[in-house]
Amino acid sequence: MSTDVAPGGSGGTGAGDLLHLMLDGVPRTRAELISLTGLARSTVGARVEALMSANLLVPSGEAASTGGRPPARLAFNPDAGVVVGVDVGATHALVALTDLRGRVVGERALAIDIASGPKAVLDDVVRAARELLRSGRRRVGDVSGVGIGLPGPVEHATGRPVLPPIMPGWDTYDVPGHLSSALRGPVLVDNDVNLMALGEHATVYPHVDQLLFVKVATGIGAGIISGGRLHRGAQGSAGDLGHVAAPHGGDARCTCGNTGCLEAVASGPAIVRRLRAQGLDIADSQGLVDASKAGDLVATEAIRDAGREIGRVLATCVSLLNPSVIVVGGVLAQTAEHLLAGVREVVYGRSLPLATGDLQIVASRTAGHAGVVGAATMVIQHVLAPGQVEDRLGSAAAV
Ligand SMILES: [Zn+2]
């Protein structure tokens, strides 16, 4: 379940609230809905009719009869629409089609260059999304919304990137405008790590209220789940750990223009640069991972060392946020045992026992899918919110 709702919903009485109640996936009869909501039979009847005409509720078998015709059960229909979830990295993008539960029904991996600018990258994304719709026998009209994660700071309210260090040409670009002209529904944009946190939380840790997701790849960043919800901060940059001063950052130059940032010493490219300066033949982050997996001790020690430096910054986060789970993802988490050994060594050593007693520090379990699932989850939470559902039913009724 990825729609972040619970029976009881928002406590309102509209059709959107009734749907909210049904998002737990449990089929119910009209009589059960009447007793659950306390609403009049005629009111529940009208709400159910409206939701059925929008295909959001569908018949789902029959309940046991107490004499006479058995009452029909109704269930939320996750196939009432599809969502396009996109996770854009520096060199790769994953485009997925999901149902309204956030279940992936198709996906395409793309090789991209984020530095080629928003038009080229987003056109590739649109092309892949259309291919997915075609092969899933869906039309653009079936798209309930589009969610996209970008590897840089995004002002969530406007969906525009703000001075993203590794994304030349993207500053203040109208990403929602570009995508909504080619695909349907609302387009929501967020930082990629926020969406990975949302996706990992929805998929693997739905009952964990305090979770920190840390991505270690070309960049370093964190997404914060607090009180069961994504915490974005005032402008959307909460968790942007890549450019905090690393304790041993020294004068290492960073892509942001500053020196000594965590990203400048512990990201994939930073480690590769250091090892190449020592004469090792390693091309990129994946090459670094491969060398470590092949038993290269210098590469492995460099990854563990980066883990320690990340751990020093995370120890501060643990003191500030008291998470119960820290999930580490991104390409370097492919060497989880070494990266996490470094992180754990410092976090457990530096934090107070109360904060670390039950703290798990683990590798991502979504195998690279957290970003697209999180992007879809963000959209689903938006379009199935009671107010949005009411608007959709209202505009359908007005036609
Ligand atoms: Zn920086």
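None of the figures in this text is laboratory data; all of them are computed from the coordinates on show. Remember, predicted model here, so these are calculated numbers, not experimental data. Note that we place each Cβ from the backbone using ideal geometry, even for glycine, and neighbour counts take in every protein chain shown.
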Antiparallel bridges, percent of DSSP beta bridges restricted to the stretch 18-165 (to nearest 5): 80
Residue separation times 0.36 nm, minus the C-alpha to C-alpha distance between His248 and Ser226: what's the value? 5.0 nm
What does the convex hull of the Cα atoms come to per residue for the stretch 222-310, in Å³? 124
Residue-wise, which Karplus ³J(HN,Hα) couplings in Hz belong to the stretch 49-58, taking 6.51 cos²θ - 1.76 cosθ + 1.60, θ = phi - 60°, and x for glycine or proline? 4, 4, 6, 6, 5, 8, 6, 7, 10, 9
If you stretched the chain out fully between Ser324 and Asp123, how much longer would it get, using 0.36 nm times the residue separation minus the C-alpha to C-alpha distance? 68.4 nm
Cα-based Rg and Dmax for the stretch 144-259, where Dmax is the largest Cα-Cα distance (Å): 15.1, 48
If you split all Cα-Cα distances of the stretch 11-56 into 5 Å bins from zero, what percentages do you get per bin, shortest first? 5, 22, 40, 28, 6
Using the Cα atoms of the stretch 104-198 to build a convex hull, what is its mean projected area in square nanometres? 5.9
Compute the signed sum of charges (Lys and Arg +1, Asp and Glu -1) over the other residues within less than 14 Å, Cβ to Cβ, of Asp79. +3
In vacuo Debye scattering of the stretch 261-399, one point per C-alpha: log10 I(q)/I(0) at q = 0.09, 0.18, 0.19 Å⁻¹? -0.40, -1.01, -1.08
Comparing Ala222, Ala120, Ala96 in a Gaussian network model of the chain (Cα, 10 Å), the one with the largest mean-square fluctuation is Ala120
Most fluctuating residue of Ala129, Ala238, Ala54 in a GNM of the chain with Cα springs under 10 Å: which is it? Ala54
Note down the nm distance, to one decimal, between modelled labels 7 Å out along Cα→Cβ at Thr158 and at Ala115. 2.6
Given a Förster distance of 30 angstrom, what is the FRET efficiency for Ala31 paired with Arg134, based on the Cβ-Cβ distance and rounded to 0.05? 0.10
Around Leu39, which amide H atoms from residues at least 5 apart in sequence, or from another chain, sit under 5 Å from its own amide H, with H modelled in the peptide plane? none
Once amide H atoms are built 1.01 Å from N in the peptide plane, which residues 5 or more positions from Glu62, or in another chain, come under 5 Å H to H? Arg73
Ranked by GNM mean-square fluctuation in the chain (Cα springs under 10 Å), the top entry among Ile224, Ile114, Ile282 is Ile282
May I ask you to compute the full-extension gain from Arg103 to Arg41, defined as 0.36 nm times their residue separation minus their alpha-carbon distance, rounded to one decimal in nm? 19.0 nm
Rank by packing, highest mean first: peptides 338-350, 374-386, 356-368, with packing defined as the count of other Cβ atoms within 10 Å averaged across residues. 374-386, 338-350, 356-368
For the chain, what number results from the quotient of the Cα radius of gyration and 2.2 N^0.38 Å? 1.08
Give me P(r) over the stretch 222-268, computed from all C-alpha to C-alpha distances, binned every 5 Å, as integer percentages. 6, 23, 23, 16, 15, 13, 5, 1
Once the convex hull of the C-alpha atoms of the stretch 56-171 is built, how many Å³ does it hold per residue, rounded to a whole number? 123
Integer Hz, Karplus 6.51/-1.76/1.60 couplings in order for the stretch 266-280, x for Gly and Pro: 10, 7, x, x, 5, 5, 4, 4, 5, 5, 5, 5, 8, x, 6
Quick check on the exposure proxy: order Ser267, Ser42, Ser180 from fewest to most C-beta atoms within 10 angstrom. Ser42, Ser180, Ser267
DSSP beta bridges in the chain, what fraction antiparallel, as a percent rounded to 5? 60
Percent relative contact order of the chain, based on C-alpha pairs within less than 8 angstrom and at least six residues apart? 17
Dimensionless Rg over Rh [the stretch 284-333; C-alpha; Kirkwood]: 1.08
Which shape class, rounded, prolate or oblate, goes with the stretch 202-251 when its Cα gyration tensor gives a ≥ b ≥ c as root eigenvalues, a/c under 1.5 marks rounded, and past that a/b bigger than b/c marks prolate? prolate
With the 8 Å Cα cutoff and a minimum separation of six or more residues, the stretch 95-226 has a relative contact order in percent of 20
